[in-house]
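The values are calculated or read from the model by the stated rules, or taken from the named source; none is laboratory data. Here the structure is a predicted model, which is why all the values come from computation and not from measurement. So basically every Cβ, Gly included, is an ideal-geometry build from the backbone, and we count neighbours across all protein chains shown.
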Amino acid sequence: MAHPTGRRLPDWAPAIMLVALVALIAACSPDQYPQTTLRPRADFARESDQIFRTTLLWATIVFVLVEGALLVAMWKFRNRPGAAEPVQTHGNTTLEIVWTIIPAFILAMIAVPTVRTIFKTAAKPGPDALQVEVIGHQWWWEFRYPQLGITTASELVVPVGRTVTLEMTTGDVIHSFWLPQFAGKRDVFPNRYNNLWFKAEVEGDFPGQCVEFCGLQHGRMGYRIRSVKAEDFDAWAKDFNTPPRDFAADSAADPLVKQGQALYTAKGCAGCHSMYPALPLTGPNLHHIGSRSHVAAGTLVNTDENLARWIKDPQGWMRGVLMPNLGLTDDETKALVAYLRANK
Ligand code: CUA
């Protein structure tokens, strides 16, 4: 291989590049990428992962065989000094038939399982599935559990081992709901309902994301999927289905929390955010906000500092978000954080 300047690359250069490439690929562990689809954690995700693996297997076989044949041909029939011009051929019926049949066979091996999976994943689960209505908003996700009378936001709690069926729509523009490790993606449209289902296999807290450009803060339209044991799910649903505590009427309550509760109404938070288990308002439902792992549409870990940062200056984190900057003082922020934290 002649370099433009006339210098040649050293003979060991390709070997070094190959080693570097292998090391680079090996360094890509799915654990570092929580939104990876290469680590299925539900039946739906496993089905689509299987298609990916089937396709990848066939593509690898084709690559190795074709590139291998090419390399052999390049070596075996390379030009030698004084060699005669090779025999020129055109058309070979046997070859034409063989290289039509082989790709047709490979495509069939990929198409049959793909079509089968498309039908399987498009089917609606039975009535014993847990129903969740998913509603996209700029820029957060709302989750309603009609069988349980629960409305929540930014955290999709599901039981392990039970099929969850999602009926999805949007309150404003087109969004796309994606459950990376559990199921696929589905666009949501106004006045139309799309379905998706999955059965979680493991417990955990995983990130999810809107995957359709839906405005300024599309990139921060996240949410969490929390999969829990069936009995923990029942306990969560029962616990969630209680009205919020009234700290004002509780003589034992922390005065800071009481002050926060008063501010929650006085500052107008209550106009958009419901503290009741099943009351949807304009903004995300905040019932049991204190026990959620994340705030701000799944984009900030639910710590006192992040909660304060978020309510004090929502526009600073999500420019264009409906939530206004209320001009809270540090003391007011602290009281509101204490109140929200106490709601768990
Ligand atoms: Cu909603 Cu992107």
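Quick notes on this structure:
- Subset of the range 123-140 that is in contact (Cβ under 8 Å) with a residue 40 or more places away in the chain and not in a strand (DSSP E or B) - its residue that is surrounded by the most Cβ atoms within 10 Å (Cβ to Cβ): W139
- All conditions but one from (1) surrounded by 14 or more Cβ atoms within 10 Å (Cβ to Cβ); (2) within 11 Å of the ligand (Cβ to nearest atom) apply to F213; the one that does not is (1).
- Filter result for V164 (surrounded by 17 or more Cβ atoms within 10 Å (Cβ to Cβ) and at pLDDT 95 or above): yes
- When the residues of the range 126-150 are filtered to those that are of a type in the set (V, I, T) and more than 16 Å from the ligand (Cβ to nearest atom), the one that is nearest to P244 (Cα to Cα) is I150.
- The range 220-243: number of residues that are surrounded by fewer than 14 Cβ atoms within 10 Å (Cβ to Cβ) and either within 16 Å of the ligand (Cβ to nearest atom) or among the β-branched types (V, I, T) (or both): 1
- Matching entry among I118, I150 (being over 17 Å from the mean Cα position of the chain (by Cα), aliphatic (A, V, I, L, M), surrounded by fewer than 21 Cβ atoms within 10 Å (Cβ to Cβ) and farther than 27 Å from M275 by Cα): I118
- Residue among K267, K238 that alone is modelled with pLDDT of 90 or more and more than 25 Å from the chain's Cα centre (by Cα): K238
- Only residues that are under 27 Å from Q209 (Cα atoms) and of a type in the set (F, W, Y) were counted across the range 299-344, and they come to 2.
- Test: residue in the range 158-171 that is part of a loop (DSSP other than H, G, I, E, B), more than 18 Å from the chain's Cα centre (by Cα), within 16 Å of the ligand (Cβ to nearest atom) and over 15 Å from R41 (Cα atoms): yes
A quick yes/no check of all residues on (1) surrounded by 15 or more Cβ atoms within 10 Å (Cβ to Cβ); (2) under 24 Å from D232 (Cβ atoms):
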| site | (1), (2) |
| --- | --- |
| T170 | yes, no |
| S176 | yes, no |
| P180 | yes, yes |
| G184 | yes, no |
| D187 | yes, no |
| N194 | yes, no |
| K199 | yes, yes |
| V202 | no, yes |
| G208 | yes, yes |
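- Taken over the range 255-276, the criterion of being in contact (Cβ under 8 Å) with a residue 24 or more places away in the chain and either in contact with a Ser or Thr (Cβ under 7 Å, 6 or more places away or on another chain) or among the β-branched types (V, I, T) (or both) is satisfied by V257, C272.
To keep it simple, each residue is scored yes or no on (1) of a type in the set (K, R); (2) buried (at least 19 other Cβ atoms within 10 Å of the Cβ).
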residue	(1), (2)
E305	no, no
D313	no, no
G316	no, no
L326	no, no
D330	no, no
A338	no, yes
K344	yes, no
